[in-house]
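Visitor: Submitted below is the structure of interest, expressed as structure tokens.
Read-outs throughout are calculated quantities, based only on the coordinates presented, and are distinct from any laboratory measurement. Being a predicted model, the structure only gives us computed values, none of them experimental. Positions of Cβ are generated from backbone atoms using ideal geometry, with glycine treated the same way; all protein chains shown enter the neighbour counts.
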Amino acid sequence: MRCSLSSKGVQDWTGHVLVVGLLQDQSATALEARFPGLGAALEQQQFKGKPADQLLINRLGGDGPQRLVVLGLGPANGFNLEGVRSAAARAAKAATGQTGSLGLQLSWDGLEPTAAAAAAAEAARLALYADQRFRKAPEPRRQPDALELIGLPEAATTGLDAVAANCAGVELARELVAAPPNVVTPAALAKTAAELSRNYDLELSVLEQADCEARGMGAFLCVSQGSDLDPKLIHLIYHPEGEVKRRVALVGKGLTFDSGGYNLKVGGAQIDMMKFDMGGSAAVLGAMRSIAERKPTGVEVHMIVASCENMINGSAVHPGDIVTAADGTTIEINNTDAEGRLTLADALLYACEQKPDAVVDLATLTGACVVALGDEIAGLWSNNDGLATALQQAADAGGEGLWRMPLRASYKEGLKSKLADFKNTGPRPGGSITAALFLEHFVGEGIAWAHIDIAGTVWTDKGRGLDPAGATGYGVRTLANWICNLA
């Protein structure tokens, strides 16, 4: 979808679908002048401008729009960027069935224009996403191919600069997460990284099982023991033009299927959905896609994914086994279904070998985080206030819910093992905190680090806001915005 600002107002805009937002109890007099009878139609529907209110009129005739949609925006004092995203997503969905251009006018007053333009454009494009790759005969879809924002100042154009790159990254992440585990395998993730490398001149290294064994990555490799598929450690690098002033690493959990191992997922554990356990790797691959197109200066970006399956066979890791990470740390496995942190341990150690200023990992790590924050907000743990604040600001700008959680050092006592240095899980209370503390152990001294638990936000069964039902692509916009802000 092409995005631009319109030089015309509502009175003389001549595209195909016009969507206008009205605040609660706002008069429609200006619209009535162009569309006689609209006021009566609004009154008949008891349209008050509440967020759930919507009026759609087709076949207007003449040279103007063929469809008019009036959306309620809610009270003026509560309309913000989140309201812009919601309204733009609703507008895009209301325009389906029509091709051509979609004109959108909302209540822009009081909003920063460039941020409002970005929010509206990203929401409209992402709301129209549909994945039909696995259907025998994809359903034909008629939808707008251009979005024109009406009523914003010309300076807001810069807000559209990153929209295409960010959305392309989100769409890549959605495709990876949604694909079944017989399609997205560790080798397929490595192939995706290779395609990004070729298309965007990124540097790629893929460590095979023997390479990982030589590095002593016992924590990562133990998880893959029960699978017939070879593990892959994927390392993708974005090199900026000119001097490198900062170096950062993005680490994504890459479990392409998680059976739980011998602690098999049963009951309500959604084993059939464990294809999305590589949502962290999808997010960092999608972010690299966006970053490579946006080309931030002065920032070198390393992406690391330790990818494998967690399966069961005669060689699979046992509950009670003790394994050794690449730094010599020994780990007693008291739960084979807490496998993501084992793969991330060696991935974080490898990331820190690149001597980054900051490391951020994303993982569908704990059900405890979902219990705490639900499915719209990811949890954030960090050892650095500046990094945490920067990530929060980047998430807010991208419309991705993020909440900082406590990293209480005393909880690490729950990870102590009688035999090894650590157990891989602690007590049930505070499970997302002890998981973060486990990961922190494998971050080099003096390196700013943040962990984002996306277990709840990676998928939506019914759809929400700009996310259709299915994979959300969560994390791409936060990471891309954060890194580009460093430039």
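Visitor: Rounded to the nearest 5, what % of the DSSP beta bridges within segment 164-486 are antiparallel ones? Could you put the intermediate results ahead of the total?
Guide: Numbers: 22 of 51 bridges.
Taking every DSSP beta bridge within segment 164-486, about 45 percent pair in antiparallel fashion.
Visitor: Listed highest first by mean packing, meaning other Cβ atoms within 10 Å per residue, what order do 239-252, 99-112, 409-422, 331-344 come in? Let's see the in-between values first.
Guide: On the way: 239-252: 17.9, 99-112: 20.1, 409-422: 14.2, 331-344: 24.4.
Peptide ranking by packing, descending: 331-344, 99-112, 239-252, 409-422.
Visitor: Given the C-alpha centroids of segment 448-470 and segment 25-89, what is the distance between them in whole angstrom?
Guide: Taking the Cα centre of each part, segment 448-470 and segment 25-89 sit 30 Å apart.
Visitor: In addition: Just the number, please: percent antiparallel of the DSSP beta bridges in segment 2-152, rounded to the nearest 5.
Guide: Values: 5 of 23 bridges.
Rounded to the nearest five, the antiparallel share is 20 percent.
Visitor: In µm²/s, what is D for segment 235-297 at 4 °C and 1.567 mPa s, where D = kT/(6 pi eta Rh) by Stokes-Einstein and Rh is the Kirkwood radius from Cα pairs? Please report the intermediate quantities before stating the final value.
Guide: On the way: Rh = 14.1 Å.
This corresponds to a translational diffusion coefficient of 92 µm²/s.
Visitor: Report the net charge of residues surrounding Gly151, where surrounding means a beta-carbon distance below 15 angstrom and charges are Lys +1, Arg +1, Asp -1, Glu -1.
Guide: Numbers: positive: Lys8, Arg34; negative: Asp12, Asp109, Glu112, Glu148, Glu154.
Summing Lys/Arg as +1 and Asp/Glu as -1 gives -3.
Visitor: Another one. Take each of the peptides 156-163, 437-444, average the number of other beta-carbon atoms within 10 Å over its residues, and list them starting from the highest.
Guide: Working: 156-163: 18.9, 437-444: 20.8.
Top to bottom by mean Cβ count within 10 Å: 437-444, 156-163.
Visitor: Between segment 100-131 and segment 252-286, what is the C-alpha centre distance in whole Å?
Guide: Measuring centre to centre over Cα atoms gives 33 Å.
Visitor: Along Cα→Cβ, 7 Å out, is where each label goes; now give me the distance between the ones at Thr297 and Arg59 in nm to one decimal.
Guide: With each label point 7 Å from Cα toward Cβ, the separation is 5.7 nm.
Visitor: Which residues does a label at Gln354 reach in segment 281-321, if reach means a backbone N under 15 Å from a point 7 Å past the Cα toward the Cβ?
Guide: 281-292, 296, 298-307
Visitor: Continuing with the same structure: So what's the convex hull volume per residue for the Cα atoms of segment 169-305, in Å³?
Guide: Roughly 114 Å³ of hull volume per residue.
Visitor: Along each principal axis of its Cα atoms, how long is segment 289-364 end to end? Whole angstroms, biggest number first, please.
Guide: 48, 24, 17
Visitor: Post the alpha-carbon centroid distance, segment 355-375 to segment 304-337, in whole angstrom.
Guide: 20
Visitor: Once the other residues with Cβ under 15 Å from the Cβ of Phe47 are scored (Lys, Arg +1; Asp, Glu -1), what is the net sum? Don't skip to the answer; put the middle values down first.
Guide: Working: positive: Lys48, Lys50, Arg90; negative: Asp25, Glu32, Glu43, Asp53.
Taking every other residue near Phe47 into account, the sum is -1.
Visitor: Pairs Lys232/Lys412; Lys93/Lys295; Lys191/Lys253: which are spaced more than 22 Å apart, C-alpha to C-alpha? Let's see the in-between values first.
Guide: Numbers: Lys232/Lys412 30 Å; Lys93/Lys295 32 Å; Lys191/Lys253 17 Å.
Correct reply: Lys232/Lys412; Lys93/Lys295.
Visitor: Still on this structure, I have one more. Which net charge results when you count Lys and Arg as +1 and Asp and Glu as -1 among the other residues whose beta-carbon is under 13 Å from that of Ala347? Before the final figure, lay out the partial values.
Guide: Numbers: positive: Arg215, Lys232, Lys253, Arg341; negative: Asp327, Glu339, Asp346, Glu353, Asp361.
Taking every Cβ under 13 Å from that of Ala347, the sum is -1.
Visitor: Still on this structure, I have one more. For segment 2-152, what log10 I(q)/I(0) values come out of the Debye formula at q = 0.10, 0.20 1/Å, with one point per alpha carbon and no solvent?
Guide: Scattering profile of segment 2-152, log10 relative to I(0): -0.33, -1.29.
Visitor: Rg and Dmax of the chain over Cα atoms: what are they, in angstrom?
Guide: 24.1, 80
Visitor: What order, most packed first, do the peptides 215-228, 388-401 have when packing is the mean number of other Cβ atoms within 10 Å of each residue? Kindly include the intermediate steps, with their values, before the conclusion.
Guide: Details: 215-228: 22.4, 388-401: 19.4.
Highest-to-lowest ranking by the protection proxy: 215-228, 388-401.
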